[in-house]
Amino acid sequence: MNERDSFGSKFGILVALAGSAVGLGNLWRFPYLVGNNGGAVFIILYLLFLTIICLPLMITEFVVGRRSQSNVFGAFKVLSQGKSGKAWGKIGFISVISALVILSFYSVVGGWTVDYITQAVCFNFKEGLDYEQTFRYSSENAFRPLIFTLIFLLFTAVVVIMGVNKGIEKYTKVMMPLLFVMVIMLAIRSLTLKGAGEGVKFLFRPDWSKFTIDTVLSALGQSFFSLSIGCGTIITYASYVKRNENIVRLSTETALMDTLFALLAGTAIMPAVFAFGLTPAEGPGLVFVIIPQIFSQLPMGGIFAILFFVVLFFAALSSSISLLEVMVAYLIEEIHWSRKAAVAISSLSVTVLAVLCSLSLGMLKHVTLLGNNIFDFMDKLSANILLPVGGLLFVLFAGWKMTDKEYFDEITNEGSLHFSPVFLKILRFIVRFVAPLVIVLIMLVSFLK
Ligand code: TRP
């Protein structure tokens, strides 16, 4: 009985974590960055950062969350008794800004998934359709994307008002496996298209001449973004995790699952890009141009396309709610607003920025910030700067403010789990030295270049 109970709850946690981690970051952002950054080199760097920085960081967010039994704002106050708690608590504020900035473009892409559901339902995706033109129509038009973005945000807000877990967890349990099956199906079809070989090479054979500091920074940012770290999401989830759960294993399983989805998405997209004679550096529209086209080459593709975009919508939704919740929790717990007011105000601020992001692909194309349109600027600002900075401050806190004993007690569940001492030493060394140094170094070099 006990065994079953704990398995049940563990599965629930995994689903919630996977729901937050697996989303547009894997299926939309990863493939388009791989395309923009020269393929295999980007993937290698991404996997490297994931292993040496982001997985340890995820474990550490778990440690802080479960130890403090608190959200991102309270966590630092609880764990650093005394005055400095307030100062450390400011990390929570960076999280709120990150969540706001991420949601501003995330909800636009979420809107595209809603748009593509409606198009799939009308069986628009047929062989011979100009898919680039279709995507331009869906993203550059002045009104159409705004309406779909609003619909996506409305869904997000409603779920967050009704309380996060119950409903969405139930859906996620079904959607995740379904998404998995669909992506595998796409990958197989893509790999068997004529001319797919070039895409496989692009994915797995590194061309080191493509190695630039921008590639390094993008890979670092993407590994943060995809695992949902650097923004306090994991801290909040961790506070619901039971004291007898193995947080190293939970984090590793989440990271593996997330990586698997990203790599499968890459394998589904890139071979098809080459087979269809397109260029990989298509930008944010990549997935929306390629996926419907692969479906048009499958028997019953029309039906599968509907299913795919519905599932993608849910994957996006289960991530966007975890982002909105970061903002809402702040307003409720620090400013003492009601949940409804907090959701209303935060979604309203997201809406304003989201409208700007969406328009920046069409009407406001000419408005640039540091050489990027508003959409790309928000995307880069959050993933490449805000998340790593949040992660850096956070790792400094856990590495230098928390004692070794506190840290290890939490990982080993007060000594009841056994890890090899070498593993624990390496983990602590990464948290104290490697992660902060690597993050600072990469950011410095990319700003000074
Ligand atoms: N990881 C999600 C994705 O891949 C996006 C996301 C959800 C996120 N919550 C986050 C990113 C917190 C950074 C921080 O789609």
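Would you say PHE204 is crowded, with 20+ Cβ neighbours inside 10 Å and of a type in the set (Phe, Trp, Tyr)?
Details: crowded, with 20+ Cβ neighbours inside 10 Å: no; of a type in the set (Phe, Trp, Tyr): yes.
Answer is no for this residue.
Would you check if there is a residue in region 369-385 being more than 25 Å from the chain's Cα centre (by Cα) and surrounded by fewer than 16 Cβ atoms within 10 Å (Cβ to Cβ)?
Taking region 369-385 as the starting set, the residues that turn out to be more than 25 Å from the chain's Cα centre (by Cα) are none.
For region 369-385, residues more than 25 Å from the chain's Cα centre (by Cα) and surrounded by fewer than 16 Cβ atoms within 10 Å (Cβ to Cβ): absent.
Run ALA75 past the list (1) over 20 Å from VAL96 (Cβ atoms); (2) surrounded by 24 or more Cβ atoms within 10 Å (Cβ to Cβ) and report the number of the one that doesn't hold.
Result: ALA75 fails condition (1) only.
If a residue has to be assigned to a helix (DSSP H, G or I), without any contact (Cβ under 8 Å) to a residue 60 or more places away in the chain and open to solvent by 10 Å² or more (accessible area, probe 1.4 Å) to count, how many in region 81-118 make the cut? Walk me through it before giving the result.
Narrowing region 81-118 to residues assigned to a helix (DSSP H, G or I): 84-118.
Narrowing further to those that are without any contact (Cβ under 8 Å) to a residue 60 or more places away in the chain: 85-87, 89-90, 115, 118.
From what's left, open to solvent by 10 Å² or more (accessible area, probe 1.4 Å): 86-87, 89-90, 118.
Of the residues in that region, 5 qualify.
Which of the residues that make up region 308-360 are within 30 Å of VAL181 (Cβ to Cβ), open to solvent by 40 Å² or more (accessible area, probe 1.4 Å) and of a type in the set (Phe, Trp, Tyr)?
Once the filter is applied, which keeps residues that are within 30 Å of VAL181 (Cβ to Cβ), open to solvent by 40 Å² or more (accessible area, probe 1.4 Å) and of a type in the set (Phe, Trp, Tyr), region 308-360 yields only PHE314.
Which pairs have Cβ atoms under 7 Å, sit 6 or more apart or on different chains, and link a residue in region 361-386 that is under 21 Å from PHE447 (Cβ atoms) and assigned to a strand (DSSP E or B) to one that is charged (D, E, K, R) and within 16 Å of the ligand (Cβ to nearest atom)?
Within 7 Å, the pairs are ASN372/LYS380.
Assess whether SER68 counts as being open to solvent by less than 20 Å² (accessible area, probe 1.4 Å), over 26 Å from VAL440 (Cα atoms), in contact (Cβ under 8 Å) with a residue 12 or more places away in the chain and more than 15 Å from the ligand (Cβ to nearest atom). Spell out how you get there, then give the answer.
Details: open to solvent by less than 20 Å² (accessible area, probe 1.4 Å): yes; over 26 Å from VAL440 (Cα atoms): yes; in contact (Cβ under 8 Å) with a residue 12 or more places away in the chain: yes; more than 15 Å from the ligand (Cβ to nearest atom): yes.
So SER68 passes the test.
Per-residue answers, yes or no, for (1) over 21 Å from ALA315 (Cα atoms); (2) among the polar types (S, T, N, Q); (3) without any contact (Cβ under 8 Å) to a residue 60 or more places away in the chain:
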{"residue": "ILE229", "(1), (2), (3)": "no, no, no"}
{"residue": "THR233", "(1), (2), (3)": "no, yes, no"}
{"residue": "GLU245", "(1), (2), (3)": "yes, no, no"}
{"residue": "ALA262", "(1), (2), (3)": "no, no, no"}
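Does GLU333 count as among the acidic types (Asp, Glu), closer than 26 Å to THR233 by Cα and away from the ligand (no atom under 15 Å from the Cβ)?
Details: among the acidic types (Asp, Glu): yes; closer than 26 Å to THR233 by Cα: yes; away from the ligand (no atom under 15 Å from the Cβ): yes.
Yes: the conditions hold for GLU333.
Within region 166-242, which helices (runs of 4 or more DSSP H) (wholly inside it) include 1 or more residues that are under 22 Å from THR267 (Cβ atoms), within 16 Å of the ligand (Cβ to nearest atom) and not acidic (Asp, Glu)? Working first, answer last.
On the way: elements: 197-204, 213-227, 233-238.
Output list reads 213-227.
Of all the residues that make up region 413-441, how many are open to solvent by less than 20 Å² (accessible area, probe 1.4 Å) and at pLDDT 95 or above? Break it down stepwise before answering.
Applying the first criterion (open to solvent by less than 20 Å² (accessible area, probe 1.4 Å)) to region 413-441 yields 413, 427-428, 431, 435-436, 439.
Keeping just the survivors that are at pLDDT 95 or above gives 427-428, 431, 435-436, 439.
Summing the residues that are open to solvent by less than 20 Å² (accessible area, probe 1.4 Å) and at pLDDT 95 or above in region 413-441 gives 6.
With the structure loaded, tell me whether ASP409 is more than 16 Å from the ligand (Cβ to nearest atom) and acidic (Asp, Glu) or whether it fails that test. Full working, then the answer.
Details: more than 16 Å from the ligand (Cβ to nearest atom): yes; acidic (Asp, Glu): yes.
Judged against the criteria, ASP409 is a match.
Quick check on this structure: which one of THR60, THR118 is hydroxyl-bearing (Ser, Thr, Tyr) and within 20 Å of the chain's Cα centre (by Cα)? Let's see the steps before the verdict.
Numbers: THR118 fails: within 20 Å of the chain's Cα centre (by Cα).
One residue alone meets the criteria, THR60.
Please verify whether region 387-404 includes one or more residues that are open to solvent by 40 Å² or more (accessible area, probe 1.4 Å), out of contact with any helix residue (DSSP H, G or I) (no Cβ under 6 Å at 6 or more places or on another chain), in contact (Cβ under 8 Å) with a residue 40 or more places away in the chain and within 13 Å of the ligand (Cβ to nearest atom).
yes
The values are calculated or read from the model by the stated rules, or taken from the named source; none is laboratory data. As the structure is a computational prediction, the values presented were derived from the model and not from experiment. Every residue, glycine among them, receives a Cβ derived from its backbone with ideal geometry; neighbour counts consider all protein chains shown. What goes into the accessible areas is simple: the full protein's heavy atoms, side chains included, and nothing from ligands, DNA or RNA. Shrake-Rupley method; radii C 1.70, N 1.55, O 1.52, S 1.80 Å.
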